[in-house]
Amino acid sequence: DCDARGYQLKKSKELAGLGFFPPSKAWVSANGFSTSKDNLDVLIATAHNNNMESAVSFLTDLKRLSAVSSYLSSFVEGIDVYTKPDNFLHVSLTQHITATGRFSGRNPNMQNMPRGGTFPVKKVFVSRWENGYIMEADFAQLEFRVAAFLSGDEVAKAEIATGFDVHSYTAKVITDAGQPTSRQAAKEHTFAPLFGATGYGRSKAEEAYYIHFMEKYVGVAEWHKRLADEAIRFQKITNVSGRQYAFPDVERRMNGGVTHFTMIKNYPVQGFATGDVVPVVLIKLEERLSHLNSCLVNTVHDSAVIDIHPDEKDEVIRIINDLNSGL
């Protein structure tokens with residue numbers, strides 16, 4: 001309130017904003033910084049490491065605001081708009097948009113729904129039958145298992161065979177490095193190095209885990225190098241399924257690394273797991289359910305969502321267990 005007298009602006013040497021500089025040109029947008037979730041996570045970690053409490057508070061609130069805005073537009077408004085007169089939500093499921101070949105849900109996006117404990121949107125989805133069930137059958141650690149298969153890493157294969165709890169191990173490594181954390185909180189870090197994530201911009205404890213991952217899974221690290229060499233030599237990567245990913249602009253860096261390395265590491269794993277394996281399993285599951293009232297209603301990355309008739313719960317679970325056992 002200036003009482004209609006206006007304001008006089010004076011030059012100041014103070015820097016506006018939080019005082020961050022973008023780590024690379026990829027961060028720069030027309031409005032300043034790109035504020036994607038990953039970018040905000042890096043900035044929050046940087047602020048933590050530099051004891052910038054006000055920046056941590058602001059960026060954490062900004063991250064929450066972004067999540068709430070996406071939730072309202074994608075799910076609340078999207079569900080309302082695209083629910084048909086029959087009271088069913090008909091999602092457009094495509095496989096040609098994502099770079100890896102995995103399914104993507106549009107109108108509205110039903111592939112990146114929030115976790116059940118963070119937003120209550122899943123409560124609006126109910127069975128078409130009275131006393132029916134909406135069940136999600138998840139492929140446990142599918143992408144880690146695929147990475148172990150594709151890379152031939154002996155440590156990873158042994159852990160899968162013995163049922164080793166990798167998430168608890170991640171929490172232990174980060175906690176031992178000076179940042180106490182829980183198994184649930186550690187999950188986001190466990191397999192992140194598989195997809196090109198590094199410790200850059202993270203806390204020292206989290207950075208220690210990312211370094212430890214590549215030292216532990218030597219076979220995965222060596223496989224990543226072979227993928228980089230293949231991309232440089234052929235300008236593409238060919239997966240075991242025959243699916244190919246083109247990298248026409250890939251170049252070798254002065255330090256021996258390659259450009260597009262995150263995608264080079266990510267695409268073969270995600271593509272084979274959720275672009276090749278999951279669709280085949282969904283077809284088999286659909287065939288097994290054909291004599292039942294229960295039906296497949298959606299797939300979310302590495303899981304299948306089934307609307308189960310109240311009298312068929314045990315039969316559907318048996319079918320899924322048989323598929324998991326290869327029967």
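The values are calculated or read from the model by the stated rules, or taken from the named source; none is laboratory data. Everything quoted here is computed from the prediction, not taken from an experiment. Positions of Cβ are generated from backbone atoms using ideal geometry, with glycine treated the same way; all protein chains shown enter the neighbour counts. These area figures cover heavy atoms from the full protein model, side chains too; ligands, DNA and RNA do not enter into them. Shrake-Rupley method; radii C 1.70, N 1.55, O 1.52, S 1.80 Å.
Couple of notes before you dig in:
- Residue list for region 275-299, filter: open to solvent by less than 40 Å² (accessible area, probe 1.4 Å), at pLDDT 90 or above and of a type in the set (Ser, Thr, Tyr): SER294
- Residues of region 32-65 that turn out to be at negative phi and part of a loop (DSSP other than H, G, I, E, B), as a count: 5
- Pick from region 1-45, criterion aromatic (Phe, Trp, Tyr) and surrounded by fewer than 10 Cβ atoms within 10 Å (Cβ to Cβ), ranking: modelled with the lowest pLDDT: PHE21
- If you filter region 213-222 down to residues that are in contact (Cβ under 8 Å) with a residue 12 or more places away in the chain and over 21 Å from the mean Cα position of the chain (by Cα), you find that the one that is farthest from LYS172 (Cα to Cα) is GLU222.
- When the residues of region 66-104 are filtered to those that are of a type in the set (S, T, N, Q), surrounded by 15 or more Cβ atoms within 10 Å (Cβ to Cβ) and in a loop (DSSP other than H, G, I, E, B), the one that is modelled with the lowest pLDDT is THR98.
- Unique match (being outside any helix (DSSP H, G or I) and not acidic (Asp, Glu)) among VAL277, VAL269, VAL297: VAL297
- Residue satisfying all of: in region 121-138; part of a strand (DSSP E or B) and not β-branched (Val, Ile, Thr); surrounded by the most Cβ atoms within 10 Å (Cβ to Cβ) among these: ALA137
- Note on region 191-204: residues that are in a helix (DSSP H, G or I), free of Cβ contacts under 8 Å to residues at least 40 places away in the same chain and surrounded by 19 or more Cβ atoms within 10 Å (Cβ to Cβ) amount to 1.
- Verdict on ASN107 being open to solvent by 40 Å² or more (accessible area, probe 1.4 Å) and modelled with pLDDT of 85 or more: no
- Tally, over region 228-261, of residues that are open to solvent by 70 Å² or more (accessible area, probe 1.4 Å) and β-branched (Val, Ile, Thr): 1
- Selection from region 139-161 of residues that are exposed (fewer than 14 other Cβ atoms within 10 Å of the Cβ) and within 20 Å of the chain's Cα centre (by Cα): ALA140
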